[in-house]
Each structure stands twice: as structure tokens, then as C-alpha cells.
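The values are calculated or read from the model by the stated rules, or taken from the named source; none is laboratory data. Given the structure is predicted, the values throughout are model-derived calculations rather than measurements. Here Cβ is always computed from backbone atoms with ideal geometry, including for glycine, and neighbour counts include all displayed protein chains.
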Amino acid sequence: MVENHSREDHETGGENKEKRPKFFINDHVDILIEILERLDGRSLCVAASVCRLWCTIARNDSLWENLCFRHVSPPPSSVRSVVLALGGYKRLYTGCVRPVRSRLGRVRRATWAGDEVQLSLSLFCVDYYERLGGSNSNGRLVEKSSPSSLMFLCKPVNV
Amino acid sequence: MVLYDSATLGGSCSGSSSSSSSSKPPPLQQRQQTQQDIDGFLAGAGYRVRSSELRKVAQRLERLETAMVNSPADLSQLASDTIHYNPSDLASWVDSLLSELTQPPTCPSEFIMDPVSNQTVVSDAWTTAEPHMPQVHQNISYEQQSLNNQLTVVPAMEEDSGIRLVHMLMTCAECVQRGDFSLATSCLEDMQGLLTRVNTVCGIGKVAGHFIDALSRRIFQGIGGGSVNGGSAYENELLYHHFYEACPYLKFAHFTANQAILEAFDGHDCVHVVDFNLMHGLQWPALIQALALRPGGPPLLRLTGIGPPSPDGRDSLREIGLRLAELARSVNVRFAFRGVAASRLEDVKPWMLQVNPKESVAVNSIMQLHRLLGSDPNRNSPIETVLSWIRSLNPKIMTVVEQEANHNQPGFLDRFTEALHYYSTMFDSLEACTVQPNKALAEIYIQREIANVVSCEGSARVERHEPLSKWRTRLSGAGFRPLHLGSNAYKQASMLLTLFSAEGYSVEENDGCLTLGWHSRPLIAASAWQAVSDGTADFPA
């Protein structure tokens, strides 16, 4: 029996070599996630435009959470609920953490790594508060063209 | 060639004596008299131009200078022609030069030199707008090289105009202090004329423009304040918000105060913050978030916001409170808000704040205490009243942020000088901001402050800034002791400034207080205080 089996395999071996399916990453979502977790913010955004599956995965907030707290000691668990309430990790990263890191990176001081995230969180919160005002109010308090407290981060300032 | 009758030079001396004998006519007549004097000087020097036209002449000369610099033609042709253009009639002379330069230049250099030498003679006689070209070269040779030399000193001329503006501002302020309003008025006109030659989009020109406005407001509208303090609460809040966005001063104030309050509330479960000027409540989201994330969980937070009453029945304080409550709810912080509407801080009484004896209180004053320094002899000093009831609340911490400037001196000229330096520095720092409309509205915010400092007196003048050293004395005398702000606050402030990407800001630590400044001139100072206990057991940690 075993010999028959192996002979069958051997007979079909040649055909299998031609018809063997290639490795398709989309079939292995867990591996895909592992890989995407190690990308930087820009690459992650680019990855989101590859296909629908990648887009769904890249929008997953936990990937962005990873990005925010990379190189930093893991934050307490209460941070997650706060960040999610204020708009999510992707928004936190693109709006605050990335510009803060890139600007502070010019003046690299090792003691600041954890505080960068703290400061980003505070700025993020102020921004959330301002967005609250834009949507809820009767329109007089904060208009469409209202100042956003994160504007100074977005626009590069040439000295 | 003689271009004017030299005998008429003697006529200029007789013109000067006529103005000194008049005895206080109304300003308009005085101005007319001065103008007639100037016309007399000009005529005496051989010029057929009136002082009222001089501004236009100056503008045209500016255009002439630009045309000369940009002219592709070889300017040496100017030296060779001999057509007479009657330079004594300045206006048409400049026009003719201008039209020549747009075509091949045929104007001889002699005719450019002569008026120059004339004007160096009479430049002491009047101070209104003069043509660009003279003043730098006292020894003028009638050669073509000097023409080129003159053209290259034009950038220095602009700086020169800026310095002259500053000198004239001081002169005008001194006149105002002396009460010599007629001379002050003519100074003002001179300055308006000078302003046309200086770049008013940035630098000294812009600041000078605001100070000139404030001075003219003081001279012509009196010291009652008028429309300076009349901005509606909505406008003030909007300008404040844009000032918050455009430059880091308010952000620094908020973040530093929040850090101090956070550290003071460590370990307390029931906390109450009193904000002396709520505005849009931009300070509090960051504190709420920090309290939400503190180890041990968030406390019960009560916020009492003081603000001006809203005119049209809209309860803006309540709206802000609702927004803050919504944010607190999102991050699971138990929160309660109370609004106290008062048009002046001294009208607030401690019972309105409803402080619970078991809770820890923090008092937060961002640029509010200086408004209480105006002393009315009929009432008790408001600052002492307010400080004593703050003390009676026994706050765990009182955070005070004030402008670092001495704008409360009794002498007008000292105040004016100090304000000129302070606000010039502040405007310089604002140049780093490019985000519009923040920048323009932030400038209006600062401009209102300038107008209040310069043109108001008595109870209308609320911007009575005092430096940190004076506040230290005052607060220590009122029964408070200083709390050091600590390295976390310093670190956070430094990071915040680095984010602003402008290389001029500097945070400094000043004996436990933090100051933020532009190029080592501190502009805003943050400090923290605690009431000295009267011997009871509650000793601060």
C-alpha cells in the first residue's frame, strides 16, 4: 500500500510540480498582519491602497496603536479606551504622533521618547474638543474655518 | 547753474518765529499754522511745493528710485544731458524724471545733485517726508559715481526710516506726557508720512503703525477708552482663540498650569478647579485627559468657569460646560460644571463658587489678575479683595500666568517705551507663524492690548501688566508662598516649543517659575502658589 501510494505520488509528482499553487499572501491573513505591523506610517497608508483586504486590515486600529507605541514602553491599559473615545489610534498617529515625532526628532533627546506620546495625547484631546464644538454647536461658537489646534503641526514653518 | 535765487534763503529764517507766539488755538488751526510755516520754509529754500503735497512727492520719488535701480539703461547718460527740468518744483520734477526713465534717460546729473545739496542744507528745517536720495552723502560731488553710490544705500535708508519712526514715536509720547498736544499732533502727521516709506507688512513698520493708531486715539478721542474695550464677548473669545492658535504663549500657559494642577491633585479624589476666564475652555480638555489616565484612576472633577455675561440670552458658559462634560464622559471622568457670569472679577464672591470643604481646590488665573490693579480711591483695592477671598478658599494650588512686562508705571512715557519694546518683540515672534487667518486675528488681539495700554487711563485701562518680581512681592505679601513648577513642566514646555519650529522661542526657569520668551526676552511668566496655612494641621506635601 505504501509503495502504491508513493508510486502514485511519484507518478503525479511531475504534474504536481507544474500545477502546485503558489504562495498567496492573502490566504494567510495572520502573516499579512505580522508584516503590516512592522511598517511605518507612510507605508501603511500605501499598503491600504493595494486591495480591499489590505485596506480593511490597514484600517484596523491596533496596527496604528503599534505604531504609536513603538520604541516606547507599553502604556497602561486605560490609554486605549481614552484614545478610542477621542478618535482612534490612526487619527492620533497621523494627526499628532507623526508630526510631533518628526519635529522633535530634529532635536533628539533620549529622555523625551515617552513624553512625546504624552504630549501628542494632550494635543489630540484638545483637537477632539475643538471638533466637538464644530459639529455640535449652533454654528456661532466655532465655524467651519475655525482654528484647529493642530494646524501648527500640519503646516511646516520655515524659519 | 544756479537754480534758485540764493537771496531767498534768508527768507527761511523769518518763517520760524511766527509759530511760537500763538496761544493755544484749537488743534485744527494749529495744524494749519504749522503747515503754513512749513510752506514758508520750503519757499524760503526755493522750492515751489506745498507741504501737503510732500507725501505724494515722496511716493513718486520711491517709484523713481525703483525705476532707477531697475532701469536697464546705462545711467551714465544721465550725466551728459543738459536739459533744465526746474527741480525747485519738486512734484513735476520728479514726474519728469520718472517719465524719462521709462524712456531713455536724458536727465543730467547736475540737476539731480543740486536739489540734493539744497536739501541737506534745509533738512533741519522740517521733518516731513523728504526725497529718498539725500542725507547719506554729505559731500556730494557732481560726478556720476555718486549717483550710483546713492542708489546702493537704499536698503539702509529703510532701516534708517525705521529708526526715525521709533525716535518720532518717543518724541510724540513725550509731548503727550507734557500735555503739548499741538506738537504731538504734528508729530503724528510726520509719522504718518514716514509710514509710507517703511514696509508696514512686517517689522518695525507694522508695530509702529499700531502705536501711531493708539497715540492718535489718545490725542483725539481722549483717555476714556471708547471702542477699545467695547468688543463684544464673542469677538474677544474669537480673537483669543486665534491668538491661542497662532503663537505658543497661551498653549504654554495652559500646559504649564495643567501640569502644576495635575501634580498638586495627586492622591486627591475630589477636586475642584476655578477658572478665572473660561473663554472657550481650551485649557481643560488636556487636564481632563491627563486625569483620566493618571495611575489610580480619575477623580471627581468639578470645574467652575468665570466669564462675562452673554448679551443675547445665549448662555455661552453653559455651552462650553456641556462640551467639556461630553468630553469628560467620553473618557470616563466624572465631571460637573458650573458657570459664574461676572463682568469684572472683583464682582465675584466666594459663595458663588460653592466650594465644598472636603474637596481640593485649584485656582487658575491666566492673564486676569493684572486687570484688578487699577486703583479707585473710593473702593478697596480690588486685587487685595480678590486675593483675600482666594486665600479663604484655601486652595491646594493657585496657578498664575501673567505677561512679563512693566506696563503699570505711573509715567506715560516709561509705559510707552516699555510697551514699544515688549510688543515689538511679540510681533517679531509672530512672524514665525504663517497660518492665516490665525495670524491676522492674533495681531488684532495684540493690537487691542496695545491700544488699551497706550490710549486709556483710569478704570478704562485694564491691561496693567506687571513683571514677575512685582507679582512675587504682591502675592507673598498677601499670604501665599511659591510652589516650584518642577522639571516635568519644564520638559513639557521645551517640547511644546520645539514643535513650533521657530528657532527663537526660549523657555527659562526663574527661581521655580517658568518664562517663555523670544530670543531671551521673556514675554510671559507662569508661576504656582499656595496659601500659607495659619498654623493648622494641613501642611502641603
Original post:
Is it the case that some residue within segment B:328-340 is within 13 Å of chain A (Cβ to nearest Cβ), of a type in the set (Ser, Thr, Tyr), at negative phi and within 31 Å of the chain's Cα centre (by Cα)?
Top reply: no
Original post:
Which condition does B:ARG323 not pass, out of (1) surrounded by 17 or more Cβ atoms within 10 Å (Cβ to Cβ); (2) under 30 Å from the mean Cα position of the chain (by Cα), if it passes all the others?
Top reply: (2)
Original post:
Residue check: is B:ALA405 under 26 Å from B:ARG217 (Cα atoms), touching an Asp or Glu at 6+ places or on another chain (Cβ under 9 Å) and either of a type in the set (Val, Ile, Thr) or in a helix (DSSP H, G or I) (or both)?
Top reply: no
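Let's see how each residue does on (1) surrounded by fewer than 24 Cβ atoms within 10 Å (Cβ to Cβ); (2) more than 8 Å from chain A (Cβ to nearest Cβ):
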{"residue": "B:PHE252", "(1), (2)": "no, yes"}
{"residue": "B:GLN259", "(1), (2)": "no, yes"}
{"residue": "B:GLU263", "(1), (2)": "yes, yes"}
{"residue": "B:GLY267", "(1), (2)": "yes, yes"}
{"residue": "B:CYS270", "(1), (2)": "yes, yes"}
{"residue": "B:VAL274", "(1), (2)": "no, yes"}
{"residue": "B:LEU282", "(1), (2)": "yes, no"}
{"residue": "B:PRO285", "(1), (2)": "no, no"}
{"residue": "B:GLN289", "(1), (2)": "no, no"}
**OP:** May I ask you to verify whether B:ASN332 is of a type in the set (S, T, N, Q) and part of a loop (DSSP other than H, G, I, E, B)?
**Re:** yes
**OP:** Of the conditions (1) under 15 Å from B:GLU404 (Cα atoms); (2) surrounded by fewer than 23 Cβ atoms within 10 Å (Cβ to Cβ); (3) over 22 Å from the mean Cα position of the chain (by Cα), B:VAL532 clears all except one; give me its number.
**Re:** (1)
Original post:
Taking the condition part of a helix (DSSP H, G or I) and either at pLDDT 80 or above or among the polar types (S, T, N, Q) (or both), does A:GLY114 pass?
Top reply: no
Original post:
If you check B:ILE524, B:ILE444, B:ILE450, which single one turns out to be in contact with a helix residue (DSSP H, G or I) (Cβ under 7 Å, 6 or more places away or on another chain) and surrounded by fewer than 20 Cβ atoms within 10 Å (Cβ to Cβ)?
Top reply: B:ILE444
